[in-house]
Structures are given as C-alpha cells and as structure tokens.
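The values are calculated or read from the model by the stated rules, or taken from the named source; none is laboratory data. Remember, predicted model here, so these are calculated numbers, not experimental data. All Cβ positions, even for glycine, are placed from backbone atoms using ideal geometry, and neighbour counts span all protein chains on display. Quick note on the areas: whole protein, heavy atoms, side chains included, nothing else; ligands and nucleic acids left out. Shrake-Rupley method; radii C 1.70, N 1.55, O 1.52, S 1.80 Å.
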Amino acid sequence: MDASWWDDAVVYQVYLRSFFDANGDGIGDLAGLRNQLPYLSALGVDAVWLNPCYTSPQRDHGYDIADYLTVDPSYGTMDDFRALVADAHESGIRVLMDMVANHCSDQHAWFVEALASAPGSPSRERFLFRDGRGAGGELPPNNWQSVFGGPAWSRVTEADGSAGQWYFHAFDPGQPDFNWRNPDVADYFDEVLRFWYSLGVDGFRIDVAHGHFKQVELNDWPGAEDDSGGHNYDMWDQPEVHEIYRRWRALGAEGPGEEKYLVGEIWVPSLERLAAYLAPDELHAAFSFELLVQPWDAARMARAVRLSLDQAKRTGTRQAWTLANHDVHRPATRYGQQQLLEDALPTDMIAAARRTGEADLDLGVRRATAAAMLQLALPGSVYLYQGEELGLPEVLDLPDDARQDPIWLRSAGAELGRDGCRVPMPWEADAQSFGFSPAGAAAPWLPQPPVFSELAVDQQDGVAGSTLSRFREAIRTRRDHFDPDAELAWLDSGHAELLAFTRGASACVVNFGDTDLALPTSWSAELVLASAPISVGGDVLAIPANSAAWLRIDRVAAASAGPVQADGVHQDSPFPLLESTAP
Ligand code: GLC
Ligand code: CA
C-alpha cells in the first residue's frame, strides 16, 4: 500500500467557535482561524479538522445543520472559507471538515417541508416519522432513549393544528435523524461531499459514523430500561451503514486531485465491529478512543495500545490516536483527578472521560504532556484538540446560566455536559478576553476562568519548558526520531510503572509512577526529548515521575533484552497480552 499523507499526520482539531474571534462578536470565526494559521504552522501540524461550521441554529453548536452548502454567517462568508482553504494549503496544512449525516437540524428545508406535509407523504419519508402508540397516539412509537437524555421521539403538531405523528432523533429534538433507506438522502450527501471537495476540502471526519441506519422495524429495545441511546444497539451499527462508506470512498477517489480522506467517529461494542468500517473500500481510519478512556496507569495504557495496534494490524490500517476532543473533559484535568484503577474497561467511554471532582492541575498538565509524547511516539496519526498544547484545564465551574450544551439542558443540570472543554482559547495574558477577541469586543460566548491568563499563548511561546514548547518540540522531532514504518516492540524496563517500547533504534519510555525510575544501564540509552526536566550525566538515566522521554537506544543492547514475538510483543513484557475484550 502506498504511503498517504494521513498515515502519520498530526491533525489539529479546531472548535471554530472558540479558537479566535476576528470580528469581535465574541464568537470564533473563519477569518480568526485564518489569522492564526502561522501559530498552527509553528506548532507543526499537518492538517486541521474543523468542527461543523455550516449554517446552523446552533442547538448543538453546528451538529444541527440547516444548510449543508453554506457556512454559518456567524463564522463568516463563503469567501472567508475559500481564503482559509487557500492559505492553509499555502502553509502545507490540509483541511478536514466534519460530516454530520446521521441527522440535520429541524430548520433544514427538508424537515420544514416534512412538517408542512401530510403523514405518509414523500417529504416525511426522508425522516423517521411514525404514528404514536396508545389510543390517541399520545405515546412514543417505541421505548428508545436519546443520547442526550429523554425520549428519542418528539411529537409534531400537524398543519391543521392537531397533535400528530412523532419523529425520531438520536440526539436533541432539534436534530431529526434522516431516513437513510430513502434514496433521496444518499443522493443528497453525494452532492454535499462533491461541493466541499470542489472547494478544496481534503476530507471529512464523519460524525457518529456508526449511526445513519436504525433497526428497520423500530421495535422496543429489550435492554435495560434506563439504557441511554448510546447503549441501544438497535439504534446503531446496522449492516447497511457500510454501503454509505463504500459509496463515499469511491466518490473521494474520483478526483480531480488526490484522494479524499475519511476518518470516522465510531462507538461499537467490539474491535471486530469496528474493523468492518475499515475494510479497504470503506473508511481510511477510525478514531482510537482506547487511550482517551484509560486512567493514568502503565498496564492499562499498555493494554490499550496493544489492543489498538492488534486491530490496526488486522485491518491493515493505521491508528488515529487521540486523548481529547470537544466531547470529553480535558486531559490536564482528567489526569489530575483521582485515578479509578479498579474499574475494568469502561462500558461507557464518554462517561469515563467526563468525571467531575477535584484536580491537581500541575500534576495533570505534567501527565498530559507525557501522555501526548506517548501518543506522538506511536505508529499512526495523532489528533490534538485545540488548547491541549497549552495544558488548558476543563472548566468545571462555569456559571449555570452560561452553559449551553443540550446535555446540560436536557438533563436539567444533572450532567454538566461539554461546555467546559469548549471555553475560548487564551492568546494574550493581559488582553481583554485573553486576546480571543479584539479590544472593545463583546464578551466571549463562554466566560474564561482566571487561570487561562497564565496559560495564554504569549506566556508560553518561546519559553523553554512550557507546555507549548514541549508540544512543538515533540511534533517537530517525531518524524525524524520514529521511522513511520517502524513497528512497536515492548521493552522490559524492570519497573512495572515504566512503560517502554522501541520502534527501530528509537524508544519511548513513560514513567506512570510517583518516583523517578532508573533505566537499565544495559540499554545505553541516549536522551532525545523529555516531557519534564530531566538530569543527564553519569551512567544512569533516571526518568522523572509522571513524565515521558524519547531515547535513542543502542540496537545491540535493545535486542538483548529478550526475544520478540511475531506480533511485535516482547515475551517477557511486564504487560500480559490480554484477549481482545470488547471495550
Ligand atoms: C458526535 C459529536 C458531538 C455531537 C453528536 C451529535 O458525538 O462529536 O459533539 O453532539 O455527535 O451530532
Ligand atoms: Ca466572530
């Protein structure tokens, strides 16, 4: 298989609303991102993934799309979009968009038309309309729950004013699900993809890529009554979904220009199910959420890496690693909280990465930087979420009236939701809204906490040892240090808390413990880069507590550490090879 740009890319996720506000309305925009492209070039990223910036009433901040062929006016114009793509390409940065095709917005022209049309009409066939149960149709058509809480059905008022049919929404009522068994829908999305490709977009991140089709009869879910929509597998992962990706893969290869890239957000109960999406004629990659949901623990992280790499080997694809995104709590906070080590693999991945509780932020940032160096050392691509490179914490104490996430609203405040990882970026410590907006601008759409001041870009830029500097150095060094094609082999460091592996003559070691740990002298290791201050000198190299280091290791010494199995796993690895259990 030929090498492709995405095989080992570093992709930077831009939550546009919170990145940089050029026009001063308190909302990030396309022109703001364009202004800050030099920042992304200096960081060394290969591509950006833009969260949805299409026209949207913003009930779920762009994951509710009213018009797939325009950008939202609050983010700018189509000319701003064209200029952004042109400048990004000029800087060698590719542009990925977010394709939300499971559902649209209730303001989408098709849905508005469906509401105005009679039950059973072709317009309604593009969505999942059903009659209610009960004598007067007053009960939802089945017992399915929405991912955001509450029933997955909402009742409409018919054109004549009577209480009418119900429509299905896996998420918010403002996000009606398409009926992908209706051919209009598939044809429409072909057109949408072609439109953005014609503007130079290099590919798509596919939102809830395991969605789109629902069990055809829409029977009651026999599982537990309190199962949220995320656990009801009649709502997800239906066999027909693969037809979409075969179609999109072929469309992206049509040209002109290079093949377009497709990476899926997929939550399915086993790696086997995940593998089906990565067939050679479907998606190029799927996010590996394995690392993201682990506590700070050597054995758990090693197992996650191993399971993920096993799966990649089976499908012949590369991993797309990630520790953070706009849906989970930020790593600096997660790793600074008490770690839950006793749990088995979490059954609800999102919940595992959205815990509340006190956090030691110095410790959290230190570990998060080490974790970033771990993922940047692994074979495959890496997705960073904006602000991760600054060590931004999750903002857990946003005022109630500032919160906007439908999860917060639909759970009546029982769940904080995701606003805390979406707080606007701090660029300048001493400027209004920390430089997110120009002087004299409206307040940012979510309030920033005081701690953002010391974490602002201008406080870290060019400062040796800052989180930003460490991320830049790691991204810059990564390709020279680790041969993209070198496979991973575990090394036995002699310490249970010191995860270690080589890729060729290069190694990565991560100390998950709270004390410094010395490397075996037989390794003749030479330090290349570290995530925390480290003293070199003398015969023994000690890896500081809660930190990572990249090393060059003498080949002979490394090989003498013991035989390596055919699957690249060290036989006497301290991390036992586990069965590929369902996550
Ligand atoms: C995905 C997105 C999330 C969004 C949901 C509905 O999980 O990452 O932000 O709310 O899909 O589109
Ligand atoms: Ca703006």
Cα-based radius of gyration of region 151-229 once divided by 2.2 N^0.38 Å, which approximates compact folds
1.41
For the pair Ala42 and Asp516, what calculated FRET efficiency results from E = 1/(1 + (r/R0)^6), where r is the Cβ-Cβ distance and R0 = 51 Å, to the nearest 0.05?
0.95
Enumerate the whole-percent occupancy of each 10 Å bin, from 0 to the last occupied one, for all C-alpha pair distances of region 229-369.
11, 35, 32, 17, 5, 0
When the accessible area of the chain is computed with all protein chains present and a 1.4 Å probe, what percentage of it is carbon and sulfur?
51
As a test of understanding, state the convex hull volume per residue of region 28-177 from its alpha carbons, in Å³.
120
Where does region 103-214 land on the Kirkwood hydrodynamic radius, alpha-carbon pairs, in angstrom?
15.1
Kindly express, to the nearest 10 degrees and within the range 0 to 90, the angle between helix 183-198's C-alpha long axis and the longest C-alpha principal axis of the chain.
50
Can you give the extra length, in nm with one decimal, that the chain gains between Ala443 and Ala464 once fully stretched, where that is 0.36 nm per residue apart less the Cα-Cα distance?
4.4 nm
CD proxy at 222 nm, helix term only [per DSSP H run n ≥ 4: -39500 (n - 2.57); per residue of the chain; nearest 500]
-7000 deg cm²/dmol
For the chain, compute Rh as the Kirkwood radius over C-alpha pairs and then the Stokes-Einstein diffusion coefficient at 20 °C and 1.002 mPa s; write the answer in µm²/s, rounded to an integer.
86
Cα-based Rg of region 300-403 normalised by 2.2 N^0.38 Å, two decimals
1.14
What is the extension gain from Ser117 to Leu139, computed as 0.36 nm multiplied by their sequence separation minus the C-alpha to C-alpha distance, in nm to one decimal?
5.8 nm
Given 4 °C and 1.567 mPa s, how large is the Stokes-Einstein diffusion coefficient of region 439-531 in µm²/s, with Rh as the Kirkwood radius over Cα pairs?
78
Per residue, what volume in Å³ does the Cα convex hull of region 180-276 take up?
104
Once you have the Kirkwood Rh of region 1-69 from its Cα pairs, apply Stokes-Einstein at 4 °C and 1.567 mPa s and quote D in µm²/s.
96
Computed E for Ala486/Gln338 - FRET, C-beta separation, R0 35 angstrom, nearest 0.05
0.45
Hey, what angle do you get for helix 241-252 against the long axis of the chain, alpha-carbon based, 0 to 90 degrees rounded to 10?
70
Can you tell me the 0 to 90 degree angle between the C-alpha axis of helix 298-315 and the longest principal axis of the chain, rounded to 10?
60
If amide H atoms are built 1.01 Å from N in the plane of the peptide, which residues on other chains or at least 5 residues away come under 5 Å of the amide H of Cys53?
Asp98
